Amino acid sequence: MGKLGKKIGIRKIEIDAKTSEPTIVGYEEDYVLKMAEEEVTKQSVSEKNKQSSIGKQLVMTRILGLQQYDKDVNKRQKFFKRLISIVFIVFVAGVLGFTFYKDFFAPDATKQSVSLVGLLDKFADTWYYLLFAIFSLALAIILKGFKLSVICKSQTGKWNFKTCLETGIIGHYYNNVTPLAVGGQPFEIYHLSKHGVHGGVAASMPIIAFFFSQFAFVALGIASLVLFNGNVLHTEEAFLKQFPAVFNVLAIIGLIGCIAMPALVVIFSMLPRIGATMVKWFTRVGGKLKIIKDPKKTEYKTLKTVVHNSVCIKKFAKNPVALISTLLISIGENFAQCSIAYFTLKLFGYDNPSASGILEWLQILQLTIILYASISFIPTPGNSGAADLSFYMLFTVGVKFAGLSFSAMILWRIISFYSYIIIGFIFTTASRKKDHMAEFLGISDLEE
C-alpha cells in the first residue's frame, strides 16, 4: 500500500481585492492519505475450467477510498450503533411509560376524573382545535417553502414555489430522522439541483434558510425567556410554580448552541481574520480536551464551511427586501410550529381563567419556545424522549382532567414531529417511483 503523508497548516486568510470575499490559502490535509491501487491475485484454475481457460486467471481487485476498515472495526461500529438504538428505544419507552402511569393511575388532587361520555361531550365542544393544529402544521410547511422561494427569487429571478415547497418537505423529513436535525441540507441541495436550480444557488439556498431560521428562533427564545421570567404576559401562577429553574439554564445552553454558527458567520463576514483565529483557538482547545479527534482537520472543515456560508449570506444581504422578508417568514414559521402545542392543549380542555384569546396563545407560545430551546441539543431524532417529558411536565398544569395530559402530549408529538416524517416518507417514495418511471421511459424528468 502506498501512502502519502502531508503536513502543511493554514497559512493565512486572504481577502480578494475585487470581490472582498475571504479565502483559505495554503492548506493541505494533516492526515495520511491512502492512494487507490490495484491488487492482482493469481488463482489456479481448476481442472474443470482448463478446457475453457488458458493458463491462469488474473483477478483484479481495485481498492478505492481513503481508508479501509477491517472487520473488527466494523463489528465494533455495528455493536455501538445497536447499543445506541437500544438505549434510545428504552429511554423513549421509559418516558412514555412514566407519563402514562402518572397521568392515568397516580393520584392527583388537581385533576378531575372524567367518564368516556363526559370525554366525548368535552371533545364535542373543542374538536375544531384539532383542525387549527393541523392548519398550523400545514402553515409551517408552506412558510418554509415560501421562504426558500423568496431566496430563490432573489438569486435566480424565478420563484419556483413548487420545487421549493417540495424541498422544504424533504428537508423536514431528513432533519427529523437524524439526530440534532442535521441530515436535511444535502438532500435539499440535491432536490434543488435536480429540478432546475443549479450550481452555487442550490448550495446556498438551504444555508441561507437555515441561517435565518436559527436567527429567528434565537431571537424568539431570548424574548420568551425575558417575558416569562419577568411575567410580562401575566402567566398563570400554577405554571410559574411548576416551571423548573433548570429549564432556564437548559434553554440558554440550547440558544447558545443554535446561534454559534450564525454568529461565527457574521463575525467572519465583517472580521474574517478574527473569525479564523476564533476557530483555530476553539479547535485547539477541543483537541487538548480530547473533544476533537483531529483539530487541524476540524479547523479546516469549519473554516471552509464558515467561508462558504459567509459568502452566501453577504451576497444575499445585498437585497434588503428579500433579507427582511426571509427573517419575517422565519418568525412566522416558528409561530406556526409552536402554535400546534397551544391548539392541542385547547383540544384537551386547557383553559386559563385569567387570560383568553391572543394573550392565552402568547403565554403558551413563550413556554413552547423555551421548551424547544431547552431540548435543542438532545442528540436524539426529534429530541424524542426529552421533548415528550418536557411537554408533559410544563403543560400538565393547564389540563384539568386526569388522563388528558398524556393524551395531549401524544397528539402534539404526532402532529408536530411524526407528521413531518409521514408526509416526507410518502413524498420521497412517490418521487422515487416517479424517477424510476422517467428512467424507464428514457427521459430526464417527467412533465410536471
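Each value in this text was obtained by applying a stated rule to the coordinates, not by laboratory testing. Keep in mind the model is a prediction, meaning the values are calculated, not measured. Counting neighbours? That spans all protein chains shown, and the Cβs are built from the backbone with ideal geometry, glycine included.
Could you calculate the FRET efficiency of residue 319 with residue 123 from 1/(1 + (r/R0)^6), where r is the beta carbon distance between them and R0 is 41 Å, rounded to 0.05?
Approximately 0.30, to the nearest 0.05.
My understanding is that a pair violates if its Cα-Cα distance is over 30 Å; which of 162/280; 153/304; 241/346 do that in this structure?
Going by Cα-Cα distance, 162/280 fall outside the 30 Å limit.
With θ set to phi - 60°, apply the Karplus curve 6.51 cos²θ - 1.76 cosθ + 1.60 along region 418-435 and write out the HN-Hα couplings as whole Hz, x wherever there is a Gly or Pro.
5, 4, 4, 5, 5, 4, x, 5, 4, 5, 5, 5, 5, 5, 5, 5, 5, 5
For region 219-304, state which trypsin sites (Lys or Arg not before Pro) are in a DSSP loop and have at most 13 other beta carbons lying within 10 Å of their beta carbon.
Those satisfying the criteria are 290, 293.
Given a Förster distance of 22 Å, report the FRET efficiency between residue 256 and residue 219 from their Cβ-Cβ distance, rounded to the nearest 0.05.
0.95
Quick one: net charge around residue 321, please, counting Lys, Arg +1 and Asp, Glu -1 for every other residue with C-beta under 15 Å from its C-beta.
+4
Net charge near residue 360, counting Lys/Arg +1 and Asp/Glu -1 over other residues with Cβ under 13 Å of its Cβ?
Residues near residue 360 contribute -1 overall.
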